[in-house]
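Shown next, in structure tokens, is the structure this report addresses.
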Amino acid sequence: MISSTEALRLANDLELAEQNAVQMPVISAQIEKMSFQDAYAVQDAWVNLKTEKGGVRVGHKIGLTSVVMQRAFGIDEPDFGVLFQDMVYESGANISVESLIEPRIEAELAFYFKKDVALDVVDINSLLACVDYIVPCLELIDFRVTASTNGQSRVIVDTISDNAANCAIVLGDKKIPLEADLAWIAATLRKNGVLEASGVSGAVLDHPVNSILWLNQKYKEFGRTIKAGEMVLAGSFVSPIPVSKGDKIEVDYNQFGKIRCSF
């Protein structure tokens, strides 16, 4: 298991990489046989560092929820990270790219909770009973860890350490009814007017609530819970699309509205 000193050192490197918009070396190249537990220890150290600097936690994100992405990383489960208030934007936002490194945008659903989720909640209906409302959203991901160092490629433990590549969230302004067919929410993503990606929410573990159920069970290992007032991003159901300065994004969620942002 990685030491707390080493986890903090890597957390500080991640913080500097983010602040300076310059990627740090591959973390897994620095830690022999780095485990998922090691990676989450680094993530925790970085999250704590941000909190100590005044960052306000507002929820959780789940990543790598599609079979295709899991196969690409050679894993068989998603990952998770922590969301902060300064990551949240409203539709129509103009987001600066000056502080970004390798940004990509995704389409997903954001669940807001009115009740704490008990760790024994294991079915969709019981979890939805804890949900206040759902809105479509975009997630902007970024990578503070370089793609390769001395021939060793960035792998899943690097992304976990990097707070699951969290960067920003753009929220829609139209709520999705809890009684909607949540496995068939469709989205089309256009960049500069060109269709780049499309998908339906069932691509997230067959149903986006399954993703949150996975997180709730995973939290048993970490002594955490999903709390009232928090949000959870359930995972993208379109491929991540690179963005750069001058790009304009529009994601159409059909009857649940459109989300727009620019860079």
ask   = Taking segment 212-243 as the region of interest, how many residues are at pLDDT 95 or above, outside any loop (DSSP other than H, G, I, E, B) and more than 24 Å from Val56 (Cβ to Cβ)?
value = 5
query = Looking only at segment 244-263, which residues are surrounded by fewer than 15 Cβ atoms within 10 Å (Cβ to Cβ) and not in a loop (DSSP other than H, G, I, E, B)?
reply = Lys248, Asn254, Gln255
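Okay, residues lined up against (1) of a type in the set (Val, Ile, Thr); (2) closer than 22 Å to Asp76 by Cα:
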site	(1), (2)
Asp158	no, yes
Ala183	no, yes
Val194	yes, no
Ala197	no, no
Tyr253	no, no
Gly257	no, no
request  = State all residues of segment 152-171 that are within 12 Å of the chain's Cα centre (by Cα) and either within 14 Å of Gln30 (Cα to Cα) or among the polar types (S, T, N, Q) (or both); if no residue qualifies, say none.
outcome  = Thr159, Asn163, Asn166
ask   = Within the group Ser239, Ser211, which residue is buried (at least 20 other Cβ atoms within 10 Å of the Cβ) and within 15 Å of the chain's Cα centre (by Cα)?
value = Ser211
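Identify, from the list Ala187, Ala110, the residue that is within 30 Å of Lys245 (Cβ to Cβ) and in contact with a Leu (Cβ under 8 Å, 6 or more places away or on another chain). Reasoning before the result, please.
Numbers: Ala187 fails: in contact with a Leu (Cβ under 8 Å, 6 or more places away or on another chain).
The conditions single out Ala110.
The values are calculated or read from the model by the stated rules, or taken from the named source; none is laboratory data. Small disclaimer: the values here were computed from a predicted structure and weren't measured. In this analysis, Cβ positions are derived from the backbone assuming ideal geometry, glycine residues included, and neighbour counts consider all displayed protein chains.
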